[in-house]
Amino acid sequence: MKRILCVFLAAAALAGCSRQETMAELTDRVFGRAAVQFLCLDANMDSVALACPGSPVYPRSINVDGSLWTSDYKWWCSGFFPGSLWYVYEYTGDPKYKNLALKYQAGLEPLRHRTDDHDIGFQLMCSYGNCLRITGDSLCVPVLTDGARSLATRFDPEVGCTRSWDTKKYVFSVIIDNMMNMELLLKGAGLSGDESLREMAVSHAYTTMKNHFRKDNSCYHVLDYDPETGELIKVYPGQGYSVDSAWARGQAWALYSFPMMYRFTGDPQMLAHAVAVAEYILPRLPEDGIPYWDFDSPDIPDDVRDASAAAVMACGLIELSGYVDKDSSARYLSVAEKMIRSLASEEYLASEEEVYGFLLKHSTGFKLRNSEVDAPLTYADYYFLEALMRWRSM
Ligand code: GLY
């Protein structure tokens, strides 16, 4: 009996000593999983492409009926899979992933001349932007500078913003997501020396700070402007629960993009705004750090989460932690770490060959349309890997 008790106590002591996985170990585990998953996702894309030869196919999500959802190169998310492949190549050094990244990136090249949508910022920066950063391939430069000039055609000096969509529902729509695309203008300015691109990005950010944010520093999703006068006409809920609610990914785009603006401009107002956004978000996160799809959903806690918002927020918090005092920095990093640890748990991380080869589960695209709800999304995968790379390079 005594011996059994001793064995039991020794086991309990060992279990008590079991240490937490380090962030380096976690990063290694997640990139290992991503390397397996993305080969599976690529094979699935090849199968879809076989049925529709000639047009490049990109992963998107999973349909309500459980089938794989793909897109063409024009869909705003087409740059995220090549971008994720670039991160896997950067982390592992395995040329297989470089070749895959190039394969998916090649189909995006025509976007450099696209002028009817704002999302070429996401599409070209995640693909060609990472390619340039990682490989130094100078062939990426004209693609990025052309892309920046194409995006610049959407800038209206009266409004002070680049227009988001051309849909007839709005006169001159500007969505908070559009802040992310300012990185293409800023990158394009640096690569080409064309200062007007940078001025447009700064103007867009100031106009967004002025009109897109409520007094509590949460943000709206969609604003509609009158391009004749530059006046705000109307605010729309967009993908949020209501016009007054805080759609989680919208808050995430804000938290990512204002530190990015500060990185390029050194403007203290961008930094102060980024801090204000972070201070709005932090107290509203659930225990595991993964936000519900809308902070004001009446169905919380019986509602779906948005892993993609957490991944984007973690990136923003890690960057912001480098610009603030020691205490705030530690606070932002501890929340980012919590988010990353939750996303890396078996609850969120897909197991091998699960969900067609996406990396993360439980994101939400457009809840009120029942589209991409509690599903994988390519941008959740992309920003999760980016957050891990940002953490590693701190
Ligand atoms: N509108 C882009 C997004 O779903 O975040």
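State whether segment 179-338 is rounded, prolate or oblate according to the following rule on the C-alpha gyration tensor (a ≥ b ≥ c being the square roots of its eigenvalues): a/c under 1.5 gives rounded; otherwise a/b larger than b/c gives prolate, and the remaining case gives oblate. Show your work: numbers first, answer last.
Numbers: a/c = 2.09, a/b = 1.20, b/c = 1.74.
Judged from the Cα gyration tensor, segment 179-338 comes out oblate (a/c at least 1.5, b/c at or above a/b).
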Problem set entry | Counted charge near Val143, where neighbours are those whose Cβ lies closer than 14 Å (Asp, Glu -1; Lys, Arg +1) | +2
Exercise. If contacts are Cα pairs under 8 angstrom and at least 6 residues apart, what is the relative contact order of segment 29-127 in percent?
Worked result: 24 percent
For this session: Give a residue-ordered list of calculated ³J(HN,Hα) values for segment 302-309 (Karplus: 6.51 cos²θ - 1.76 cosθ + 1.60, θ = phi - 60°; whole Hz; x for Gly, Pro).
Result: 9, 9, 7, 8, 10, 4, 5, 4
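Is segment 40-178 best put as rounded, prolate or oblate by its Cα gyration tensor, with a ≥ b ≥ c the root eigenvalues, rounded for a/c under 1.5, and otherwise prolate when a/b is larger than b/c, oblate when not? Before the final figure, lay out the partial values.
Details: a/c = 2.23, a/b = 1.33, b/c = 1.68.
Oblate is the answer for segment 40-178, as a/c is 1.5 or above yet b/c matches or exceeds a/b.
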Problem set entry | Contact order relative to length of segment 151-298, as percent, for alpha carbon pairs under 8 angstrom and 6 or more apart | 22 percent
Exercise. For Leu232, what is the net charge nearby, where nearby means another residue's Cβ is under 11 Å from its Cβ and Lys, Arg count +1, Asp, Glu -1?
Worked result: -1
Exercise. Under a point-charge model restricted to the Cβ atoms of Lys and Arg (+1) and Asp and Glu (-1), what is the dipole moment magnitude of the chain relative to its Cα centre, in debye to the nearest 20?
Worked result: 740 debye
Exercise. If Lys and Arg each add +1 and Asp and Glu each add -1, what is the summed charge of the other residues whose beta carbon sits under 15 Å from the beta carbon of Leu388?
Worked result: -2
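Evaluate the relative contact order of the chain (contact order divided by residue number), counting alpha-carbon pairs under 8 angstrom at least 6 apart; express in whole percent.
RCO, the chain: 15 percent.
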Problem set entry | Peptides 374-380, 344-350 ordered by average Cβ neighbours within 10 Å, highest first | 374-380, 344-350
Exercise. Between the helical axis of 182-192 and the dominant principal axis of the chain, each derived from Cα atoms, what acute angle in degrees is found, rounded to the nearest 10?
Worked result: 70 degrees
For this session: Which order do the peptides 269-275, 383-389 take when ranked by the mean count of other beta-carbon atoms within 10 Å per residue, highest first?
Result: 383-389, 269-275
Exercise. How much FRET efficiency would the formula 1/(1 + (r/R0)^6) give for Ser345 and Thr92, where r is the Cβ-Cβ distance and R0 is 22 Å, rounded to 0.05?
Worked result: 0.50
Problem set entry | Cα-Cα over 32 Å, subset of Lys103/Lys168; Lys74/Lys234; Lys98/Lys361; Lys168/Lys210 | Lys103/Lys168
Seminar exercise, completed: Longest principal axis of the chain (C-alpha) makes with the long axis of helix 248-265 (C-alpha) an angle, in degrees to the nearest 10, of 70 degrees
Problem set entry | Prolate/oblate/rounded call for segment 279-394, Cα gyration tensor, a/c under 1.5 rounded | oblate
Seminar exercise, completed: Using alpha carbon centers only, segment 86-139 is separated from segment 190-266 by a whole-angstrom value of 25 Å
Problem set entry | Cα-based helix-to-principal-axis angle, 268-281 vs the chain, degrees rounded to 10 | 50 degrees
Problem set entry | Over segment 330-394, volume per residue of the alpha carbon convex hull, in Å³ | 93 Å³
Seminar exercise, completed: If amide H atoms are modeled at 1.01 Å from N in the peptide plane, then the residues at a separation of 5 or more from Ser71, or on another chain, having amide H under 5 Å from its own are Tyr58, Arg60
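Rule-based calculations on the coordinates, nothing more; no lab input. Since the structure is predicted, the reported quantities are computational estimates derived from the model, not experimental observations. Glycine also receives a Cβ, built like all others from the backbone with ideal geometry; neighbour counts cover every protein chain displayed.
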